[in-house]
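Taken together, the values in this text are just the output of simple stated rules run on the coordinates, not laboratory data. Quick caveat: nothing in here was measured; it's all calculated off a predicted structure. Reconstructed Cβ throughout: ideal geometry from the backbone, glycine too, with neighbour counts over all protein chains shown.
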Amino acid sequence: MTMTTAAAAMIELEGVAKSYGDVHALRRTDLSIAKGEFVTLLGPSGSGKSTLLNLIAGMITPSAGRIVIDGRDATTLPTNQRGLGMVFQNYALMPHMTVFENIAFPLQVRRLPKAEIRRKVAEALDLIQLGHVADRRPRELSGGQQQRVSLARCIVYNPALILMDEPLGALDKKLREQMQLEIKRLHAELGITMLYVTHDQDEALTMSDRIVLMNGGRIEQQGTPDALYFKPETVFSAEFIGSSNLIPGTVQIAADGTCRLKTALGTFPAPAPAAPMKAGDRAVLLIRPENMAIEVSGATTSVPGRLEDSILLGGVVRHFLRCADGSTLIVQELNQPGRSVAHRGDLIQAGWQPGHARLLPPQPAN
Amino acid sequence: MSDLFGTSRLARGVVSTAAWTCYLFLLLPSLIVIPISFGNPGQIEFPPRQFTLQLYRQFFTDPAWWGSTVQSLVVACVTTLVALILAVPAAYALARSRLPGRAGLRGLFMMPMLVPVIVLGLGLYLQFSSWGLLDTTAGVVLAHIMLTTPYIMVSVMSGLHHSDVALETVASIMGASRVTIFFRVVLPQLKASIAVGALFAFLMSLDEVVVAYFLTGQNSMTLPVKMYSSIRWELTPVLAAVSTLLTVLSLLIALGIIRMQGKTEASA
């Protein structure tokens, strides 16, 4: 990972916190974003991701800590002097200005010469392929077009950092996927640092260099999309990104140091835990549905269960198994010719390779 | 709704007849002056027995009438302008800032709407007499600014209520200063509600009589005061012509307001 030196960091948060009376919107947080990086703040609503974004934008001031933007202490700097760009979910285009005027606005604020403004706006319009609507008002455009205009309005003045607050939340699924690629393309072409806020895990996985997963006003875990998906460190991370089977139990450690988890469904071999654990600790075994398979013989580690339902999701099939203790396991298989055909009510085995499981500390009781 | 007022055709007929009767009752006194204004220049009579524009000619040529008309227009224009300059930024500040005591401040601004006009007139009369502002144009203008500012503020605040704060935020992030944001982002969105407030203020000042009666004299008499005193002292039929002209002007302004309000609703 390129967790770079301070010199190459675009944003540096040092112990930043925000509270409203007794409510901690954001607990003490350190975060560094490198120049040119695409970082996503992912989390449920109320997790503190919008607070973090607003702190960086300067719309609220932190209760504690320091914010450094591009090497400059910006903790108390007014919003309009931070040199940022922002894209909102509801586009926030000026209704009384044409598309051209909207994109020209930040350049006029910077008092650029007219000819240069015209040239830069034309370039930005080309970049988003909307040159033909320059003279229209925002309300005459579709949602996707409006969001592209608001992107162009950011790009045109080359801000140090572009903040995006759920920018695709108002668009339908197809358009959203298209815009995700478009934003990725712009990021790759222009090398602008981007901080993207979303509650949509797929969006975060698709777009980010790094995901910062937030929960309850603090950073739960951060890392590449791969790392977050394959190496979640907590039950929250595992459940928020991707779907998961979680089997709670008690840790057993054999004489040779190998780990096992004693659960209501049996005792299973477990890989070395992410956090240090000792025998007798409570823990949770995580197995992703796609790492499980329906098996006839119990060759690998497996759990018996009765097939409750199978649903077809196009390329994949999801089986729901009811186990002896009443819990449900999800098994996901590729939907291809020759896949196991089990019927509702059949007693089957859900198996997995022990190396694909992950041992997590139990969810803290809130 | 229909259940509230009864659904039968008879009930509806009765209600609408009653409404129209009331409406006509309110409207007739204003309308009756119109035929009179085209009638006998010697005395007020209804129905008129001849058709002539003599009364209008008298109005436009008599310097006493024409002078107070110009005075009224000047007062109304200056009042509207100054009230706008005061009310629009004040409304913006009240709507957007997190100033402590904001509610109290708003109440203070709205006060002139609540104090009886006659009390206001008397108070201003006493105060202005010690300041030497009686019978001056500045005096009436000041009083009218006080009366009209709250109305503009109400209109502008409702416009601000409909406008999108995110636009101001995004402008600030793009580097715009507060002043730039006010002139280039906020004002354009408020155009219609400012226009409505301004027309209201203009109209109010133009036919305000109570306070102006206290404050004006021979040198600064506004048209409504002149009309009022001419009823008391001479009762000339020129009044009918003046009333007709004022009615037409008010009607035009009211239509303007209605159009503008339609626009604000359409854009919101």
Quick note, the range A:315-358: a/c under 1.5 would make it rounded; otherwise a/b > b/c is prolate and the rest oblate (a ≥ b ≥ c, C-alpha gyration tensor); here it is oblate
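Classify the range A:178-334 as rounded, prolate or oblate, taking a ≥ b ≥ c as the square roots of the eigenvalues of its Cα gyration tensor: rounded when a/c is under 1.5, otherwise prolate if a/b is larger than b/c and oblate if not.
On the way: a/c = 2.62, a/b = 1.51, b/c = 1.73.
It is oblate, given that a/c is not under 1.5 and a/b is not larger than b/c.
Sum up the charges of everything whose Cβ sits under 11 Å from the Cβ of A:N54, counting Lys and Arg as +1 and Asp and Glu as -1, but leave A:N54 out. All intermediate terms of the calculation are to be shown ahead of the outcome.
Numbers: positive: A:K18, A:K49; negative: A:D165.
Surrounding charge for A:N54 is +1.
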With the charge dipole of chain B built from beta-carbon charges (+1 for Lys and Arg, -1 for Asp and Glu) about the Cα centre, the Cα from B:P47, B:Q189, B:L147 projecting farthest to the positive end belongs to B:Q189
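Kirkwood Rh and Cα-based Rg: tell me the resulting Rg over Rh for the range A:146-219, rounded to two decimals. Intermediate values should be presented prior to the final figure.
Values: Rg = 12.4 Å, Rh = 13.1 Å.
Result: Rg/Rh = 0.95.
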For the B:A93, A:R111 Cβ pair and Förster radius 30 Å, calculated FRET efficiency rounded to 0.05 is 0.65
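Kindly state, to the nearest 0.05, the FRET efficiency for A:A324 paired with A:S45, given R0 = 35 Å and r defined as their beta-carbon distance.
0.40
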With Cα coordinates, the longest principal axis of chain B makes an angle with the long axis of helix B:137-162, in degrees rounded to 10, of 50 degrees
Once the in-chain neighbours fewer than 8 apart are removed, the lysines whose Cα is under 18 Å from A:K174 read A:K184
The alpha-carbon center of the range A:80-155 and that of the range B:1-72 are separated, in whole Å, by 54 Å
Under the 7 Å Cα-to-Cβ spin-label approximation, B:M110 and B:S130 lie apart by a distance in nanometres of 3.0 nm
Longest principal axis of chain A (C-alpha) makes with the long axis of helix A:143-155 (C-alpha) an angle, in degrees to the nearest 10, of 70 degrees
Share of Cα-Cα pairs in the protein assembly as shown beyond 44 Å, whole percent, is 49 percent
Computed about the Cα centre, the charge dipole of the range A:109-251 from +1 Lys/Arg and -1 Asp/Glu charges at the Cβ has a magnitude in debye, to the nearest 20, of 860 debye
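What number of lysine-lysine pairs in the range A:15-167 show an alpha-carbon separation below 27 angstrom, given a sequence spacing of 8 or more or placement on distinct chains?
Count of close lysine pairs: 4.
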Helix B:223-233 sits off the longest principal axis of the Cα atoms of chain B, rounded to the nearest 10 on a 0 to 90 degree scale, by 30 degrees
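Relative to the present Cα-Cα distance, how much length would full extension add between B:R12 and B:L28 at 0.36 nm per residue of separation?
Full extension from B:R12 to B:L28 adds 3.4 nm.
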The alpha-carbon center of the range A:250-278 and that of the range A:54-72 are separated, in whole Å, by 44 Å
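Taking the Cα centre of chain A as origin and charging only Cβ (+1 Lys, Arg; -1 Asp, Glu), how large is the dipole, in debye to the nearest 20? Write down the numbers at each step before the final one.
On the way: 38 positive and 36 negative charges, 128 e Å.
About 620 debye.
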If each K or R counts +1 and each D or E counts -1, the residues other than A:D70 whose Cβ falls under 12 Å of its Cβ total +1
From fewest to most C-beta neighbours within 10 Å, the residues B:F182, A:F88 line up as B:F182, A:F88
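Inside 10 Å of the C-beta atoms of B:157-167, what's the mean count of C-beta atoms belonging to other chains?
Numbers: counts 0, 0, 0, 0, 0, 0, 1, 6, 1, 8, 8.
Taking all residues of B:157-167 together, the mean is 2.
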Under the Karplus relation with 6.51, -1.76 and 1.60 and θ = phi - 60°, whole-Hz ³J(HN,Hα) for the range A:219-230, x at Gly and Pro, equal 7, 7, 6, 9, x, 5, x, 4, 4, 5, 6, 8
Check: C-alpha center the range A:156-198 vs C-alpha center the range B:164-222, spacing in Å is 39 Å
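Counting Lys and Arg as +1 and Asp and Glu as -1, each charge on the Cβ, what is the dipole of the protein assembly as shown about the Cα centre in debye, to the nearest 20?
Values: 53 positive and 46 negative charges, 124 e Å.
It comes to approximately 600 debye.
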Under a Gaussian network model of chain B whose springs join Cα atoms within less than 10 Å, the largest fluctuation of B:S16, B:S230, B:S177 belongs to B:S16
Site B:R178, offset 7 angstrom along Cα→Cβ, radius 12 Å on amide nitrogen, limited to the range A:93-131, gives none
Between the modelled labels at B:S229 and A:A264 (7 Å from Cα along Cα→Cβ) the distance in nm is 9.6 nm
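If we count every other residue with Cβ under 13 angstrom of B:L55's Cβ, Lys/Arg +1 and Asp/Glu -1, where does the sum land?
Values: positive: B:R57; negative: B:E45, B:D62.
Combined, the nearby Lys, Arg, Asp and Glu give -1.
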Quick calc: nm separation of the 7 Å Cα→Cβ label points for B:V70 and B:Q218 -> 1.8 nm
In Å³ per residue, the alpha-carbon convex hull of the range A:6-236 encloses 130 Å³
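With a ≥ b ≥ c the root eigenvalues of the C-alpha gyration tensor of chain B, is it rounded (a/c under 1.5), prolate (a/b larger than b/c) or oblate?
Working: a/c = 2.14, a/b = 1.34, b/c = 1.60.
It is oblate, given that a/c is not under 1.5 and a/b is not larger than b/c.
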